[in-house]
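Take a look at the structure below.
Derivation of every value follows stated rules applied to the coordinates shown; laboratory data play no part. All figures in this text were calculated on a predicted structure; none of them were measured in a lab. No Cβ is skipped: glycine too gets one built from the backbone with ideal geometry, and neighbour counts run over all protein chains shown.
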Amino acid sequence: MPNPWLDIPPDDYVGHMSDAVVAQHQALNRILRETLEDVRPASVLVLGCSTGNGFEHIDPGATSRVVGVDINPNYLQRLRERFPGPAFALELHCTDLSDHRFEPAAFDLVHAPLVFEYVDWSNVLHGAVAALRTGGALSVVVQLRSSATPAVTPTRFTSLRSLESIFCFVDPEALVTAAVGCGLRLESRRTEHLPSAKAFEVLRLRATGVR
């Protein structure tokens, strides 16, 4: 069956994520900004980059190369339109993360915002770890379970409801354990509470060079 992400227009996605009852767009934007400021990476890989939320915070004085991966070509086209002549090298790859060929030891930061819920996260994690340089950071945002709201909050953008068919919660403890088993060290962890009574777990891990 076709991946439902392919049928969600960019305006629906951004509108849903920015809606006041969801407010995930705003939170993810700030998380990427804070991560970029803390890590100061020369090279960045963003998994599930969508339309480039937070890319405006990339400092070309620190970052010279940015690679974005997303399954929806319309999201990538919108990203190109938003950043037509960036002061850093921008490479965009339209592919399913399950099929993506990760470039080995190439990135100082790999950022994965709300993508592990839609893929075989264990396999993608191994690829992301392999893509890190020694000392590089893996930044992951996952959505925590909520007894008050469904996985996909209802909004007027009804196309997003199709994602419920492929959404799977990721246990942060299992994720950290797997990442440590791949040679990463947990650097920071916090819970980000959202207006919808949902919450994110925000994780940052470092590649130790021992795998």
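Assorted remarks:
- Amide H within-cut-off set for His111, under 5 Å, with H built and near neighbours excluded: Leu45, Val46, Leu47, Ser139
- Inter-part distance where the range 143-181 and the range 114-129 are each reduced to a Cα centre, Å: 13
- Peptides 92-101, 69-78 ranked from most to least packed, by the mean per-residue count of other Cβ atoms within 10 Å: 69-78, 92-101.
- Mean-position separation - Cα centroids, the range 63-108 and the range 9-24, in angstrom: 21
- Across all C-alpha atoms in the chain, the radius of gyration and Dmax reach 16.1, 48 Å.
- The convex hull drawn around the Cα atoms of the range 110-201, when projected onto a plane and averaged over every direction, covers 6.4 nm².
- DSSP bridge orientation in the range 74-211 - percent antiparallel, rounded to nearest 5: 75
- Rg to Rh, two decimals, where the range 108-156 supplies the alpha carbon set and Rh follows Kirkwood: 1.11
- Per residue, the average separation of C-alpha pairs within less than 8 Å and at least 6 apart gives the chain a relative contact order of 21 percent.
- For the range 4-207, size of Cβ-based charge dipole, Lys and Arg +1, Asp and Glu -1, in debye: 360
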